[in-house]
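Below you'll find the structure, written out as C-alpha cells, and then a few comments.
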Amino acid sequence: MSRPPADKTIPEHRTGGSEGQRRPPDPWGGFEPYAQLCRTLLPRAQGASLFDIRGAPRWSTDAASADDLKPVIAGTLADAHSAAESDGELRMLSGNRPAYLFRIRDDSRRLLAILAVVCAPDGGGEIEARGFALAHTLLRPALECLRRELLARVAIGRLKRSVAELEKMRRSAADGSFDSLTGLYTRPAFETRMRFEVASAEGSSAWASLYINVDQLHVINDSLGMRVGDGVLGQLGELLRNRLPPGAFAARISGDRFAVLVPGYLDDAERFGESLREAAEQLGGTHDNSRLRVSISVGVAELDSRGGELMHSLAAAEAACKAAKDRGRNRVEVYRANDVSLVRRFADINIAGRLHDAISSGRLRLDAQLIQPFGSRSHLKPHYELLLRMLDEDGTASSPATFMSAAMRYQLMPSIDRWVIEAAIERLKAYAGTFSAVPLCFSINFSGQSLNDESFEDFLIKRIASSGLPPGLFCFELTENATVASVARATALMGKLRALGCGVALDDFGTGFSSLSYLRQLPLTMLKIDGSFVRDVVRDPRAESMVRAIAQLARTMSLETVAEYVETEDIRARVATLGVDYGQGFAISKPLPLDELLAELTATPVVVRGAQDSRGSRSEPRPPNGAEPLEDHLSGLAHRRSGGH
C-alpha cells in the first residue's frame, strides 16, 4: 500500500486572533491514531474523513477526498436521523472505490459524526460480496474508541463553556444581564449567549429553542394582584433553572414570556417542554380562598445555524407557542415545515412587521375594480370596489391575500380600515365635480375588528359627514360572518350609514346560515353573493339554484345583488340570466389604481344612458360631440386595462 498522505484538520468557520494569542485546542484535531488503526484493521483503507452532523468535513487524511465525499455524506445524513438503529452503509465512488460510512452515535443513539473510510478498488468484487457488515466488524474496536473520544470531547467542551459562562455571569451580575425577578437572562444577554454557543459549536451539535408563555397571567394579576402574578413568574424562573439540561440556558424575554435554548434534537426539546408544562401545573394552589391555576403554553423549533439568522428559530418557536394557545392552551406544539397552519403563522410574524412599516411610511395603495350592471339593468349606477395593496420598498404591489392573515391575527385591521377610509375620501374629494355628472358609487370594506372598536362608528360617521362629498357616493361592505358575530353593533352602524344616504352591502352572502334570521332587520341596500357559488354556476345545478334563490330573495326585499368572482364569459352570461343585478370579476374588469381610474373618468366626457329625468321617466339623451355613454366608457376602460394588476 502506498504511503498515506499527511493527516489534516479541515478549517471551517475559524476566526483568528493575533499571533501572540494562544488559540484553544482544536476540538476536531488529533484523530491521526484512529486513521492508523483503520489502516491496520482494514488493509485496503486509503484514507479516512470525519464529518459533523451537518455534513461538514472536519478532519481528513486527504482534504480532496473529503470534498469528493460531500454529496455522498449528504445522502447518508438524510437516512441517519430517521434510521436510528443503522450503523452505516457502503457507497461506491468513482473508479470503483468503496466508501464505508460509519455512523458514530451517543448512548441515546443520537448522531455524533460520520466516519468515512475510502478503500482501494477491488477488481475481483470481493468488497461488494462481503459488504458493509464485515468492514464494520473489523473496525468495531476503532469505532468504539472514536465514539468515546467524541463523547469525551463534547462533555469537556460543554464543561469549559459552562465554566466560562459562570465566570462571565459572576463578572456581569451587576450589568443588567439578568432579570431580577426570575434570575434568568434578559433578552439581550440571551441573544448574545445564543450566538456565542452556536458559533462555538460550529455546527457540530443540534440545538432547539423553546418559547414559553404563561397562560392568562393577566387574569391572575386582575383577580389576585400583581404581587401574586410576580410570584408565579418567580416560581417559573426557579423551575426553569432547576430543570435545565446540561448546556441549556433560559431567559425572561418580556412580561410573561420565556425562551430556552437546549442542545439536542426536536424530540428531546419536545419532551423537555412537556416536562416543564406538567411541572408548571403544580405551581398553582389556593390563595386567599381563591384557586390559583397556573399553566404554560410551549412552542418548540429546531435551530438552524447555517443561515446565520438565529432569531428565525425563536420566531418559529413563538409561532408554535401561539398555535398552542389557539388550540386550547396548556400544551406543547412543535414547529414543523409540513404543518401548514404553523408555517402560515410563522410567515404572518414576518409579514406583520412589513405591514407595520408600510402603514407608517405610507406604502399602501388603493386600487378599484368595476362592479358593472348587467345589460338589462343598465339604468343601475355602476360601482367600484376599493381594494388595498401593500407596496414593498421597490414599489412591488402585494394583494390582500399576502398580508390579510397577518393583519387579522395581529389586530392591525382597525388601523388599516381607517387608512383606507381617509385615503379614499381625500382622493375622491379632488374629483368632487366629476361625480355630479358621473353617477358612480365606491364600495369600501371594513372589518369585524373595526366593528367592535367602540370609537370606529363615530370616526366613520363624522368623516363622511365632514367630507363634503355626497354620501350616496359610498357603499360600505361588511362580511356576513362579521355581521352575525356582532349583529347589534352592525345593525346600529348600518342604520346610521343609511340615514346619511350611504349604501350598505352584506359581503360573502350565502356562506353562513344564521344570517337569514337577521336579514329582515339589517338595513341593507345590497347583497354580494359569495364567489364559491358563482364559480360553479355553469357546471353545478345546485350552485345555479342557490344564486337564483338569493337573487329572488333580494328582489322581494328591494335589495340589489352582485355576483362576485365572475371569472369567465360563460359565468358572466349564465349569472345575467338568473336575475342578478351586477357582476364583479376578471371577466368584467381587473383592478387598476384608483388615481388612474379617476384621471381616466375626467379625461373623456360621458353621458348617462337611461338616466331618469325630473318626472321619473327615462330619457335617452344624444351624446354630445366627443362624449360617450358612461357604460361604454367604463367597459372600454376595463378592456384597455385587461392586463392590469
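The values are calculated or read from the model by the stated rules, or taken from the named source; none is laboratory data. Just so we're clear, the structure is a prediction, and the values are computed from it rather than from any experiment. Cβ: placed from backbone, ideal geometry, glycine included. Neighbour counts: every protein chain shown. Note: accessible area is taken over every heavy atom of the protein model, side chains too, but ligands, DNA and RNA are not part of it. Shrake-Rupley method; radii C 1.70, N 1.55, O 1.52, S 1.80 Å.
Quick notes on this structure:
- The alpha carbons of segment 187-259 stretch over 48, 21, 17 Å along the principal axes, in descending order.
- Reciprocal mean inverse distance between Cα atoms of segment 419-564 - Kirkwood radius, Å: 16.1 Å
- Anisotropy class of segment 383-441 from Cα gyration tensor, a/c 1.5 cut: prolate
- In sequence order, calculated HN-Hα J values of segment 32-37 (Karplus, 6.51, -1.76, 1.60; Hz; x Gly/Pro): 4, x, 6, 5, 4, 5
- Heavy-atom accessible surface of segment 357-413, averaged per residue, reaches 41 Å², computed with a 1.4 Å probe.
- For segment 431-486, the Kirkwood estimate of hydrodynamic radius, built from reciprocal distances between every pair of different alpha carbons, is 12.8 Å.
- Summed side-chain charge close to N221 - residues other than N221 whose Cβ falls under 11 Å, Lys, Arg +1, Asp, Glu -1: -2
- Under 5 Å from the amide H of F442 lie the amide H atoms of Y384, F474, C475, each residue being 5 or more positions distant or on a separate chain, with H modelled from the backbone and absent for Pro and chain starts.
- Approximate spin-label separation T556-Q521, in nm, with each point projected 7 Å along Cα-to-Cβ: 2.0 nm
- Options W419, A397, A490, ranked by Cα towards positive dipole end of segment 383-504, top entry (Cβ charges): A490
- 3J(HN,Hα) couplings calculated from phi for segment 228-245 with the Karplus curve 6.51 cos²θ - 1.76 cosθ + 1.60 (θ = phi - 60°) are, in sequence order, 5, x, 5, x, 5, 4, x, 5, 5, x, 5, 4, 5, 4, 6, 10, 4, x Hz; Gly and Pro show x.
- The modelled label-to-label distance between S545 and M226, using points 7 Å beyond Cα along the C-beta direction, is 6.3 nm.
- Accessible-area composition of segment 438-595, carbon plus sulfur, in percent [1.4 Å probe]: 53 percent
- The three principal axes of the Cα atoms in segment 459-502 give end-to-end lengths of 33, 15, 15 Å, sorted in falling order.
- Remark on G264: its backbone amide H falls under 5 Å from those of A206, W207, A208, a criterion applied only to residues 5 or more positions apart or on other chains, H modelled at 1.01 Å from N.
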